[in-house]
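Here the structure is laid out as structure tokens; the discussion comes afterwards.
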Amino acid sequence: MTHPADRTLQGRTALVTGASRGIGQAVAVALARAGAHVFCVATSAAGCDATLARIQELGGAATGLQCDVAEEASVEALAAAVQAKAPRLDVLVNNAGITRDGLFLRMSTADFDRVLAVNLRGAFLVSRAFARGMAKARGGRMINVGSVVGLTGNAGQANYAASKAGLVGLTKSLAQELGSRNVTVNLVAPGFISTDMTAQLAEEVRGQILQKIPLARLGTPEDVAGAVLFLAGDSAAYITGQVLVVDGGMAM
Ligand code: NAP
């Protein structure tokens, strides 16, 4: 059970895309621990069951919902389902993301399009679906999960890096458009975090990456969740349009 003083989001609602595992799961748990009712989104109806169970164990409140963030109709149905349960959404975390890595000269159009569709179009569709409500309520927090490779580029990830760089532009533009309505829009850019997404990397590559991290360890999903929780809370009320890198110092 969380100490009452730590329940900084008590009474608020939050939605996290890609909340079935990895970073999204840790973010959903952190927001729920802080007192928010969290809508947890994944591609299948039962996808977030483990996350919901974890939140329930901690005495928090959450609802699981299905959505493919790349599909407009699916996002509209998601927004309607949330609106039916909660009059307003206070915190939106666009975390859903995929990789389809490959060297540029061999990268298929399908692999480029799908990564852009989920990582960038998905954030656009979900943000648009909830922006009006936040603007009308004169308050809200949007937090996009980007990546350091959106700032630095990365060989073998032209599609992924482009999608994450696009998210930076989306974040800064929305921050400018929605600021007068007291809606902040920021981006958290994780470095190398231990999740399913990075599990397949060869030991050798992992070792090479470790050598570039001043804090000398890979990140955990909880490391990223801490930054998201900060941006979602009252302490970050005057921060918007920013990129917060969470990478152990890898990309200084
Ligand atoms: P992960 O473990 O692979 O989880 C990805 C999540 O995204 C899952 O919940 C998945 O849901 C969801 N998702 C995928 N496609 C979706 C779609 N079309 N619609 C809705 N949800 C979808 O990934 P992760 O490592 O936690 O990464 C989370 C975010 O952090 C991503 O945006 C990623 O790019 C970013 N990031 C990760 C790292 C890292 O080192 N891990 C570094 C920088 C940035 P299902 O379970 O239903 O498939």
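The values are calculated or read from the model by the stated rules, or taken from the named source; none is laboratory data. Every value quoted in this text rests on a predicted model; they were computed, and no experiment measured them. Side chains included, ligands, DNA and RNA excluded: accessible areas come from the protein's heavy atoms. Shrake-Rupley method; radii C 1.70, N 1.55, O 1.52, S 1.80 Å.
Close amide-amide hydrogen proximity is noted between Leu244 and Leu187, Val188, Ala189, each under 5 Å apart and 5 or more residues distant or on a separate chain (H modeled in the peptide plane; Pro and chain starts excluded).
With a 1.4 Å probe and all protein chains in place, put Tyr238, Tyr160 in order of accessible area, largest first.
The ordering from most to least exposed comes out as Tyr238, Tyr160.
Please work out whether segment 75-155 counts as rounded, prolate or oblate from its C-alpha gyration tensor, where a ≥ b ≥ c are the square roots of the eigenvalues and a/c under 1.5 means rounded, while otherwise a/b larger than b/c means prolate and anything else oblate?
Working: a/c = 3.76, a/b = 2.19, b/c = 1.72.
Prolate shape, in that a/c is at least 1.5 and a/b is the bigger ratio.
Using a 1.4 angstrom probe with every protein chain in place, what is the largest-first accessible-area order of Ser20, Ser44, Ser163? Could the numbers behind the result be given before it?
Working: Ser20 30, Ser44 55, Ser163 0 Å².
If we order Ser20, Ser44, Ser163 from most to least accessible, we get Ser44, Ser20, Ser163.
Of all complete DSSP H helices in the chain, those with a Cα span along the helix axis of 15 Å or greater and a mean Kyte-Doolittle hydropathy of 0.5 or more are 22-33, 72-85, 122-137, 221-232. In sequence order, segment 179-185 has phi-based couplings of x, 5, 9, 6, 9, 9, 9 Hz under the Karplus curve 6.51 cos²θ - 1.76 cosθ + 1.60, θ = phi - 60°, and Gly or Pro positions carry x.
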